[in-house]
1. When the scattering of region 77-220 is computed by the Debye formula from its Cα atoms alone, each counted once and equally, what is log10 I(q)/I(0) at q = 0.20, 0.22 Å⁻¹?
2. Run the quick spin-label model on residue 108 and residue 396: label points 7 Å from Cα toward the beta carbon, then report their separation in nm to one decimal.
3. Considering amide H positions built from the backbone, and no H for Pro or chain starts, which residues 5 or more places from residue 88, or on another chain, come under 5 Å of its amide H?
4. With the Cα gyration tensor of region 173-301 in hand, give its eigenvalues times 5 under a square root as the equivalent ellipsoid semi-axes, listed largest first in whole angstrom.
5. For region 34-338, what does the alpha-carbon gyration tensor say about shape, rounded, prolate or oblate, given a ≥ b ≥ c as the root eigenvalues, a/c under 1.5 as rounded, and a/b over b/c as prolate?
6. So who's got an amide H within less than 5 Å of the one on residue 172, skipping anything under 5 residues away but keeping other chains? H placed 1.01 Å off N, in plane.
7. Based on the Cβ-Cβ distance of residue 382 and residue 404, what FRET efficiency does E = 1/(1 + (r/R0)^6) give at R0 = 22 Å, to the nearest 0.05?
8. Run the numbers for residue 36 and residue 228: contour at 0.36 nm per residue of separation, minus the present Cα-Cα distance, in nm.
Amino acid sequence: MKKYSKFITSLFLIAAILAGCISSRPMETLAAEPDTMEVHFLDVGQGDSTLITCGDHAMLIDAGDDSKGTTIQNYLKKQKVDKLDYLVLTHPDADHIGGAPVIITKFKINKVFVSNYEKDNKTYQKLIQSLDDKRLKYVTPDVGAQYTLGTATITFLAPNDEYDNPNDSSIALLVQNGDNRFLFTGDAGEDAEEDILENGLDISADVYHAGHHGSKTSTSEDFFEAVNPSCAVISCEEGNSYGHPHAQTLNTFRTNKVKVYRTDEDGTIIATSDGKKITFNVPPSETWKAGEPTGSAAASPKTSSAKASSKPKEQSVPSSTNETVQSSKQEEAVAAPETPAAPEQPKEAAPASEAVQEPQAQDTQGLTYVLNVKTMKFHRPTCGSLPTTNRQDSTDSRDTIISQGYVPCKKCKP
Ligand SMILES: [Zn+2]
Ligand SMILES: [Zn+2]
C-alpha cells in the first residue's frame, strides 16, 4: 500500500514537473536550508574565545589566556564538541592564544589558522610547540579565501599586510549562515580596519564582535559604518585594567541603536542563527558602562571621557529574555548560500580591479588619481584596492592631492 502511494506520488511529481507547474524548488530548498548555527562568546575574563557550531561542525576563534585552556576544554565537551574543523588564532597576544595549547592537545583539529605576526616569548613558543607535537600545520589565511562550516561560509578579511604590531596583524573573518552575518576582527586597530575597507569585500554584518574588546583604538567611524551591525558583543572582564570597553565605542553603538551584549556583565553569551533571524540567550545590556583604566593603562591622558559617560540616563531600549534580530541583509545574503565553498580549496579573492581598469582609460580623460574622500587615501587608477564608496576621481597632480591632505595608498604607491 505504502509502495503504491509512493508510486502515485512520483507519477504526480513527474507529471507536475512536465506541466511546468512546480519547479525543482523543494529540493533546492532542502539542500540550501541553513542549519542552526550557534555562536558562543565564551566568558574567559579579559580575553577572547568564541565557539561556533553549525550542524555537527565546529570552530574555535581564540582561546583566552593560559588560565582558561581547561575552562574552554570543559565548555567544548559540554557542547559535545570533540573535534574542531578550524582553530583560528587571530593574533599572538596572550589573551587570545594562551589557552590554545590545551585545546590543541585535547581535540582533533582539521585546520589551524594563525596570524602572520610571530612573537618571541614563552606563550608563543608553547603554542608552536603544541602544534608541532601534534604535527599540525598552521597557515595564515589568504584574504578572500572561503571555507565552509556546515551550511555556514567563512570568509577571511585580514591580515592585509605585515604590520609592526600584533593587534593590527589580527585575522579577521566573516561567518555567514543563510542571511545571518557575524564579523570577527580580533584586536585589529584602525590601520588594519582601513586596510580591510580598502580590500573592498562586503563586511556588513548583523552581529559585530567588537574589535579589541571595545577599545577606542578599534571600531573607527568608517569601519563601523561599513559593518552597520544591529548587535555588538564585547568580550572583556569586569574591572579590567585596560578600561575596556571604551566610552567612545559604547557611544558609537548607543547613538546607532546597536544592541550591546557583554561578557563582563552576562558571562558567556550565545547567539543562535537559523539563517533568517538571530536570537540571544540574554537581553542586551543597558548599563552603557565604560571601563576605567587602572595602573599603567590609566596613564593615558584621554581617559576622563570614560568616566563622564559611565552612567548615562536610561534610554528605553525594549528588552526581553530572547532578543531576536531580523537580518537586515536580505538582498546580499540571497546569493550567498548558493556558492558554498569547498572546505579544502580556498577561493582566492578575485583581483578586484581588473574589470574596472580597462574602461577608465576611455571615458576619464586626464584622470590622474582616484581619491577616497573618507579615508583620505589616493590611488593610481590601476590600483587593486580602489574605493567602491566615497570615491572621487581626480585630474590634479600628485602634489596638489597631497597638499589637500591625501596620503598615498600603501599598495599602489602613487
Ligand atoms: Zn585582546
Ligand atoms: Zn591584542
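1. These q points yield log10 I(q)/I(0) values of -1.31, -1.48.
2. In this crude spin-label approximation the distance works out to 6.1 nm.
3. Sorted by chain and number, the residues that satisfy this are 60, 61, 62, 113.
4. 23, 19, 11
5. In terms of gyration-tensor shape, rounded.
6. Excluding prolines and chain starts, which carry no amide H, the hits are 157, 158.
7. That pair, residue 382 with residue 404, gives E of 0.55.
8. 66.8 nm
The values are calculated or read from the model by the stated rules, or taken from the named source; none is laboratory data. Source: prediction; values computed, not measured. For neighbour counting, all protein chains shown are included, and Cβ atoms are generated from backbone atoms with ideal geometry for every residue, glycine included. What goes into the accessible areas is simple: the full protein's heavy atoms, side chains included, and nothing from ligands, DNA or RNA. Shrake-Rupley method; radii C 1.70, N 1.55, O 1.52, S 1.80 Å.
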